[in-house]
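Before any comments, here is the structure.
The values are calculated or read from the model by the stated rules, or taken from the named source; none is laboratory data. What you see is a predicted model; the values in this text were computed from it and never measured. FYI the Cβ positions are ideal-geometry reconstructions off the backbone, even for glycines, and counts take in every protein chain you see.
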Amino acid sequence: MTATKLSAQLAVHSEPAELRAAIRTLRGTGRPVHLVPTMGALHAGHRELVRRARAGAPDAATVVSIFVNPLQFGPGEDLDRYPRPLDTDLDACAEEGVELVFTPGPETMYPAGASTTVHPGPLGAQLEGLVRPGHFAGVLTAVAKLFNIVAPDRAYFGEKDYQQLTLVRRMGRDLDLPVEVCAVPTAREPDGLALSSRNRYLSPTQRRAAAGLVAALRAGAAAGPRGAAAVLAAAAQTLAAQPELHLDYLELRDPELGVVPATGAARLLVAARLGTTRLIDNVPVALGVGE
Ligand code: AMP
């Protein structure tokens, strides 16, 4: 028996069969089910996802999953030190009106002998995938399992992890998954830094330098009317002013993360390391319009 009742609305399950039974009961009342997958350490960005999920349909029941997915961490990454403040997370879920929280353990998601994974295709080996081989196979495998366990009508993902959002959407299309994938804009600190569970690793000096990431993206976006080369030059120039930021990539792509067009909608993406902490961010860019 793993279900815990935290408040009148919120129940927590770590066993898929129990979660499924609870969802069956909800569905029996005709309500749609909206899923917000997370790795926990919930912040205002996650809360925004939950608010969108709740607002997405007036009678929706919102399910949050909290699972630090070992399959998406590479050797030497921060799996062991990844924050797991479960009690605070459950309080946040209760405050946001979440009805069900799914907290499976790794042995539940990947029992001994499990070996089938989802292959993300070529985009999975680019950008984040180039720096983190196997990352997106890990992400998509966990997300596919969550979709199958929860069977949500909609699932909410942040634009903060733009490549992840793009690949999850593509998986939904390519594998005919009956889930509507909904995107939520990035929630930011007052100075523009994208909220992330990893920001807590930053020293005060690194925290100041981290704001240079979004400054670079914004400088790039402002150069959009002058074309792709100007966007990349403006962003690179801003990044160069922050020597603590060690750049993994700065790339301009089309909104599906294919080759960037000469004009029209594009996406500018950046990843950089500050000490042992890796940060990613991205913004939309309108190319070659307005001049
Ligand atoms: P994570 O717990 O980091 O796996 O993130 C869970 C979900 O929250 C993902 O869909 C993320 O893209 C989303 N998310 C994380 N940070 C933010 C943010 N600052 N704004 C909006 N969504 C976010």
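Considering each residue of region 37-66, count those that are more than 9 Å from the ligand (Cβ to nearest atom), of a type outside the set (S, T, N, Q) and not in a helix (DSSP H, G or I), and give that number.
8
Would you mind finding the one in Arg226, Arg208, Arg200 that is within 16 Å of the ligand (Cβ to nearest atom), farther than 30 Å from Arg24 by Cα and surrounded by fewer than 18 Cβ atoms within 10 Å (Cβ to Cβ)?
Arg200
I'd like the full set of residues that are modelled with pLDDT of 95 or more, among the small types (Gly, Ala, Ser) and part of a loop (DSSP other than H, G, I, E, B), limited to region 4-29.
Ser14
One residue is enough: does region 106-114 have a residue meeting the conditions under 26 Å from Gln164 (Cα atoms) and either surrounded by 21 or more Cβ atoms within 10 Å (Cβ to Cβ) or at pLDDT below 95 (or both)?
no
List every residue pair whose Cβ atoms sit under 9 Å apart, with the two residues 6 or more apart in sequence or on different chains, where the first one lies in region 173-184 and is under 17 Å from Tyr162 (Cα atoms) and at pLDDT 95 or above and the second, anywhere, is among the acidic types (Asp, Glu) and within 16 Å of the ligand (Cβ to nearest atom).
Between residues of region 173-184 that are under 17 Å from Tyr162 (Cα atoms) and at pLDDT 95 or above and residues that are among the acidic types (Asp, Glu) and within 16 Å of the ligand (Cβ to nearest atom), the close pairs are Ala183/Glu159; Val184/Glu48; Val184/Glu159.
Mind checking which residues of region 19-44 are within 30 Å of Ala194 (Cα to Cα) and of a type in the set (A, V, I, L, M, F, W, C)?
Matches in region 19-44: Val33, Leu35, Val36, Met39, Ala41, Leu42, Ala44.
What are the pairs, 6+ residues apart or on separate chains, where a residue within region 80-94 that is farther than 17 Å from Val36 by Cα has its Cβ under 7 Å from a residue that is in a helix (DSSP H, G or I)?
Pro83/Ser197; Pro83/Arg200
Within region 256-275, which residues are closer than 18 Å to Leu239 by Cα and assigned to a loop (DSSP other than H, G, I, E, B)?
Selection gives Gly275 alone.
Pairs, please: C-beta under 9 Å, at least 6 apart or cross-chain, first residue closer than 17 Å to Pro75 by Cα and touching a residue at least 12 places away in the same chain (Cβ under 8 Å) and in region 120-140, second among the acidic types (Asp, Glu) and not in a helix (DSSP H, G or I)?
Glu128/Asp248; Leu130/Asp248; Val131/Asp248; Arg132/Glu77; His135/Glu77
For region 171-178, check the following and say yes or no: at least one residue is more than 13 Å from the ligand (Cβ to nearest atom), of a type in the set (A, V, I, L, M) and buried (at least 22 other Cβ atoms within 10 Å of the Cβ).
yes
Can you tell me which residue within region 179-196, out of those that are more than 7 Å from the ligand (Cβ to nearest atom) and under 13 Å from Arg207 (Cβ atoms), is surrounded by the most Cβ atoms within 10 Å (Cβ to Cβ)?
The qualifying residue surrounded by the most Cβ atoms within 10 Å (Cβ to Cβ) is Leu193.
Search region 256-291 for residues being in contact with a Phe, Trp or Tyr (Cβ under 8 Å, 6 or more places away or on another chain) and hydrophobic (A, V, I, L, M, F, W, C), and hand back the single one that is surrounded by the most Cβ atoms within 10 Å (Cβ to Cβ).
Out of the qualifying residues, it is Val270.
Would you mind stating whether Leu165 is more than 8 Å from the ligand (Cβ to nearest atom) and aliphatic (A, V, I, L, M)?
Details: more than 8 Å from the ligand (Cβ to nearest atom): no; aliphatic (A, V, I, L, M): yes.
Considered against the rule, which asks whether it is more than 8 Å from the ligand (Cβ to nearest atom) and aliphatic (A, V, I, L, M), Leu165 comes out as no.
Report yes if some residue within region 233-247 is touching a residue at least 40 places away in the same chain (Cβ under 8 Å), touching a strand residue (DSSP E or B) at 6+ places or on another chain (Cβ under 6 Å) and either part of a strand (DSSP E or B) or crowded, with 18+ Cβ neighbours inside 10 Å (or both); otherwise report no. Step through it out loud before you land on a result.
At the first step, the residues of region 233-247 found to be touching a residue at least 40 places away in the same chain (Cβ under 8 Å) are none.
Within region 233-247, none of the residues are touching a residue at least 40 places away in the same chain (Cβ under 8 Å), touching a strand residue (DSSP E or B) at 6+ places or on another chain (Cβ under 6 Å) and either part of a strand (DSSP E or B) or crowded, with 18+ Cβ neighbours inside 10 Å (or both).
Would you say Glu107 is away from the ligand (no atom under 16 Å from the Cβ) and not small (Gly, Ala, Ser)?
yes
Suppose we keep only residues that are small (Gly, Ala, Ser) and assigned to a helix (DSSP H, G or I) within region 211-223. Which one would you say is surrounded by the fewest Cβ atoms within 10 Å (Cβ to Cβ)?
Taking the candidates together, the pick is Ala222.
Identify, please: which residue in region 72-91 is surrounded by 20 or more Cβ atoms within 10 Å (Cβ to Cβ) and within 13 Å of the ligand (Cβ to nearest atom) and is, among those, nearest to the chain's Cα centre (by Cα)?
Filtering region 72-91 for residues that are surrounded by 20 or more Cβ atoms within 10 Å (Cβ to Cβ) and within 13 Å of the ligand (Cβ to nearest atom), the one nearest to the chain's Cα centre (by Cα) comes out as Gln72.
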